[in-house]
Structures are given as C-alpha cells and as structure tokens.
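Pasting a structure here, questions to come.
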Amino acid sequence: RDCERRYAAVLQEKTQAVKAAGGATAAQILRLEERAAYLESQRRELEEAYTAGQDALSTIEQIEDSLSSAEGWGTWDLVGGGLIADLAKHSRLDEAQASVEYLQSQLRSFRTELADVTISADFQVNIDGFLRVADYVFDGIFADWAVLDRINQAQVQVENTRAQICAVLDYLRQMTNQAEQDGAGLRQEIERLVRSVPM
C-alpha cells in the first residue's frame, strides 16, 4: 500500500545522494534537471497564453452575438422598422463596441503572453463609426443600408480575428503537449540514470 509514494521518496533520496557524490552521472542528472525545469516553466507560460486566448475568444462570442442582433434589427430597419429598430440596433452596436474595447485589452494581454513563449501575433478589431447620426437624421433606405453594410464588415473582421486566435490556440496546444512529452522523457532518463548507479 502507498508503494508509489514511497518509491518516489526513495528515488528522490537516491537522486540527491548521486548528485552529492559528484561525477559524470551527477553532472548529467543536473543538466537533465535544468532542462526539465526549463520545460516546466515553458509549459506554465504556454498555459497562461492559452488561458488569455480563451478569454479573448469568450469576448469575441459576445461581440458576435451583439453584431448578429444588430444585423437583425438593421434588416428590420431596412424594411421600415422605424425609430424602435434604430434604437435597438444602436443599443446592440454600443454593446459590441464596449466588448471590442474590452477585447482590445485582452488581445494586448494575449500578445504579451505569446511574447513570453516567442510567438508573434497581430490581432486587430475595430468597430466604430457606424454612421449613427446619418442613421437617425436621414432615416432612410440608404442610411440603413450603409449601417447594415458596416455591421457586415465588422462581422467579417471579428470572424477573421476569431480564426487567428483559434489557429494560435491550436499551436499552443501542440507546444504544450510537446513540452509535457519532453518533460516526461527527461524524468524517465533521470530515473534511469539514478537506478543505474549502485549504492
């Protein structure tokens, strides 16, 4: 019972004893431990970057929902929705704009985390100038159409940003898996070296 924990404790003691004794095996173990520590640090950085990317994706979903709702109200406004459709549409656009401002700070954080793991990425989302004044003052088919067109452009831009983030997240997952596999291999090699030393 509890043999795995006891084995790990004995292995740790023997590892310390081998390192204290010095020699070629001790030097090799120290090099492997340094590499394992670096990989563990890298894995943590990758996880932090991944979390930052997931947070940005969550905000993108909110933006997409707001833009989709604005598009629906914009379509309704195009066929004669009037002031109520204008108000609802611009309310959704305001929600989208607020989320975009929050997303910009999340993307800056994501870029910072990516720099920690030497991945460069450039994400930009900008939703502004939705012809609000023209939409209210010249409430007609051309103003409504122009606003709807800007909404569609914003949706494309947000979708492109989502695709970029998803591609980077896939790459981060691959890097994390590789770091975990390499770390496991190093630990096995250290264990093999320790076990090979007679005590």
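The values are calculated or read from the model by the stated rules, or taken from the named source; none is laboratory data. What you see is a predicted model; the values in this text were computed from it and never measured. For neighbour counting, all protein chains shown are included, and Cβ atoms are generated from backbone atoms with ideal geometry for every residue, glycine included. Just so you know, the surface numbers come from the protein's heavy atoms only, side chains and all, with ligands and any DNA or RNA stripped out. Shrake-Rupley method; radii C 1.70, N 1.55, O 1.52, S 1.80 Å.
Among the residues of the stretch 149-161, is there at least one that is at pLDDT 80 or above and exposed (fewer than 12 other Cβ atoms within 10 Å of the Cβ)?
Looking for residues that are at pLDDT 80 or above and exposed (fewer than 12 other Cβ atoms within 10 Å of the Cβ), one finds at least one in the stretch 149-161, hence yes.
Quick check, is Val18 touching a helix residue (DSSP H, G or I) at 6+ places or on another chain (Cβ under 9 Å), in a helix (DSSP H, G or I) and closer than 30 Å to Pro198 by Cβ?
yes
Considering the stretch 5-44 alone, what residues qualify as being under 30 Å from Gln174 (Cα atoms), open to solvent by less than 60 Å² (accessible area, probe 1.4 Å) and among the basic types (Lys, Arg)?
Scanning the stretch 5-44 gives a single hit, Arg43.
Going by the conditions given, is Ser99 at pLDDT below 80 and of a type in the set (S, T, N, Q)?
No.
Pick from Phe110, Phe123: which is modelled with pLDDT of 80 or more and surrounded by 13 or more Cβ atoms within 10 Å (Cβ to Cβ)?
Step by step, each of Phe110, Phe123 is checked, and only Phe110 is modelled with pLDDT of 80 or more and surrounded by 13 or more Cβ atoms within 10 Å (Cβ to Cβ).
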